[in-house]
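The values are calculated or read from the model by the stated rules, or taken from the named source; none is laboratory data. Note that this is a predicted model, so its numbers are computed, not measured. Backbone-built Cβ (ideal geometry, glycine too); neighbour counts: all protein chains shown.
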Amino acid sequence: MDYDVVVAGGSVAGLLCAREIAAQNHRVLVIEEDYEIGTPEHCGGLVSTSGMDELGIIPFRATLDNKIRSARVTAPSGKDFVLDARPQQVIVLDRREFDKQIAHQAKVNGAEIRVRTSLREITKDGVRTSDGEIKCRTIVDARGVSSLINKDRTGTLQSAQYEVYADWIDKERVEVYLDQEKYPGFFAWVIPTRHDEAKVGVAGKGINSAAVLEDFLKEKGRYSAVRKIFAPIWIKGPIKEFVTRNIVTVGDAAGQAKPTTAGGIYSSGLGGIFAGNAISKFLETGKEGTLQEYQKKWTDKFGKEFEQMLLARSLLERLDNKSINSLFESITPEVLNEISKEGSFDFHTMSVAKLLGVKGSVKAVQTILGNELRRLLG
């Protein structure tokens, strides 16, 4: 059977793209190389309820793991501050169930899904897969970070994330640990999913992520690891071209994950929706220019924020532990209250800028960041 579109990759962006295309009665096939949609689950699963609304998804009971009330951020010195997450309505998703929920939406709309089927080659008439050749008019690359690694390894960090059982987990609080010596260029995290259960992970430049995570967990206390995932994350921002001829790239494969946290359910998901709408228009009109509307729409929505995230990332990477500790000493309850009330989980660069530019922070920090901080705050 021939298809209008073959989507390679059955994660959030690819499935949402397929959902939108199938809704317009076009023939869509999603191929996923793993044995199950939603596997492997290497995402933290954090998203805002407003973001979910924009994606057109009301989580099933099995999909919604947890609701987050606060976030604690800890400096290398051990000093920390707590942000109120309730105004931002942050939830934790079970990504395996979440992806299956979107797959069901796509299927109801008419999409076909095949697991254990991988893309081998893009051909003149379509694609060659592990199941043979398939003819199609448009190919969607939604294969995730693996599509980027061979093109540019400088944008990836190695990460490790364990699902653990432990009595030191606070069910309603996300924890973030900054330490440029242990997790250079990134951080360690604890994302609670249920009572005494959490996703605990680390990432950083040039580290042995498994060994670093084991050390982190030993410091936290007794635990049992029930699942271990090791995967690269992309922190370099969007690629230059989302569309090349009849090939449309979405999600992590297009660099649509946040440069600051590598989270991408919302930004990648909307990328899939925008792409699906543009592809549907192309299939109806035959005008290739309509495919470019996808990148324009995504850039209008996220372009400025992602530029600021990349700037914030470059500033944070230049701070050593001493500077981070000094910065934490200067953060006031007023600043934390302002960020909690006005900050956005999905567009959070201004919150980072307010923390970096807090009044009373040591001159060394301001000197290191210089005019770039003023650009971020402006």
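Can you spot a residue in the stretch 30-49 that is farther than 25 Å from Val243 by Cβ, under 17 Å from the mean Cα position of the chain (by Cα) and assigned to a helix (DSSP H, G or I)? Among the residues of the stretch 30-49, at least one is farther than 25 Å from Val243 by Cβ, under 17 Å from the mean Cα position of the chain (by Cα) and assigned to a helix (DSSP H, G or I), which makes the answer yes. Residues that are assigned to a helix (DSSP H, G or I) and of a type in the set (Ser, Thr, Tyr) within the stretch 241-284 comprise Tyr266, Ser267, Ser268, Ser280, listed in sequence order.
Inside the stretch 53-116, counting only strands (runs of 3 or more DSSP E) that do not spill past its ends, which hold 3 or more residues that are within 30 Å of Leu327 (Cβ to Cβ) and in contact with a Lys or Arg (Cβ under 8 Å, 6 or more places away or on another chain)?
Where strands (runs of 3 or more DSSP E) fall fully within the stretch 53-116 and carry at least 3 residues being within 30 Å of Leu327 (Cβ to Cβ) and in contact with a Lys or Arg (Cβ under 8 Å, 6 or more places away or on another chain), they are 70-74, 80-84, 90-93.
Residue-level check: of (1) over 20 Å from Tyr183 (Cβ atoms); (2) surrounded by fewer than 18 Cβ atoms within 10 Å (Cβ to Cβ); (3) modelled with pLDDT of 70 or more; (4) not hydroxyl-bearing (Ser, Thr, Tyr), Glu342 misses just (3). Of the residues making up the stretch 247-262, those that are among the hydroxyl-bearing types (Ser, Thr, Tyr) and either more than 16 Å from Lys151 (Cβ to Cβ) or without any contact (Cβ under 8 Å) to a residue 40 or more places away in the chain (or both) are Thr260, Thr261.
Criterion first (over 15 Å from the mean Cα position of the chain (by Cα) and of a type in the set (Gly, Ala, Ser)) does Ala8 satisfy it? Here the answer is yes, as Ala8 does meet what is asked. Residue selection: Leu355 satisfies the criterion of being buried (at least 16 other Cβ atoms within 10 Å of the Cβ), out of contact with any helix residue (DSSP H, G or I) (no Cβ under 6 Å at 6 or more places or on another chain) and modelled with pLDDT under 85. Checked against the criterion of being out of contact with any strand residue (DSSP E or B) (no Cβ under 9 Å at 6 or more places or on another chain), under 25 Å from Leu93 (Cα atoms) and not basic (Lys, Arg), the candidates Thr260, Thr244 yield just one match: Thr260. Being modelled with pLDDT of 90 or more, closer than 23 Å to Ile57 by Cβ and assigned to a helix (DSSP H, G or I) is true of Phe302.
One line per residue, one yes/no per condition, for (1) of a type in the set (S, T, N, Q); (2) surrounded by fewer than 22 Cβ atoms within 10 Å (Cβ to Cβ); (3) more than 18 Å from Pro232 (Cβ to Cβ):
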{"residue": "Gly10", "(1), (2), (3)": "no, no, yes"}
{"residue": "Leu16", "(1), (2), (3)": "no, no, yes"}
{"residue": "Ala23", "(1), (2), (3)": "no, yes, yes"}
{"residue": "His42", "(1), (2), (3)": "no, yes, no"}
{"residue": "Met52", "(1), (2), (3)": "no, yes, yes"}
{"residue": "Arg61", "(1), (2), (3)": "no, yes, yes"}
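The residues of the stretch 96-131 that are on the phi > 0 side of the Ramachandran plot and crowded, with 16+ Cβ neighbours inside 10 Å, listed by number, are Gly110, Gly126.
Report yes if some residue within the stretch 4-22 is over 20 Å from Pro192 (Cβ atoms), polar (S, T, N, Q) and assigned by TED's automatic domain parsing to the domain that holds Thr261; otherwise report no.
The answer is yes, given that some residue of the stretch 4-22 is over 20 Å from Pro192 (Cβ atoms), polar (S, T, N, Q) and assigned by TED's automatic domain parsing to the domain that holds Thr261.
Selection within the stretch 138-168: residues that are part of a loop (DSSP other than H, G, I, E, B) and aliphatic (A, V, I, L, M). The member of this set that is modelled with the lowest pLDDT is Val145. Farther than 20 Å from Gly251 by Cα, surrounded by 15 or more Cβ atoms within 10 Å (Cβ to Cβ) and of a type in the set (Asp, Glu): does that describe Asp84? So Asp84 fits the description; yes.
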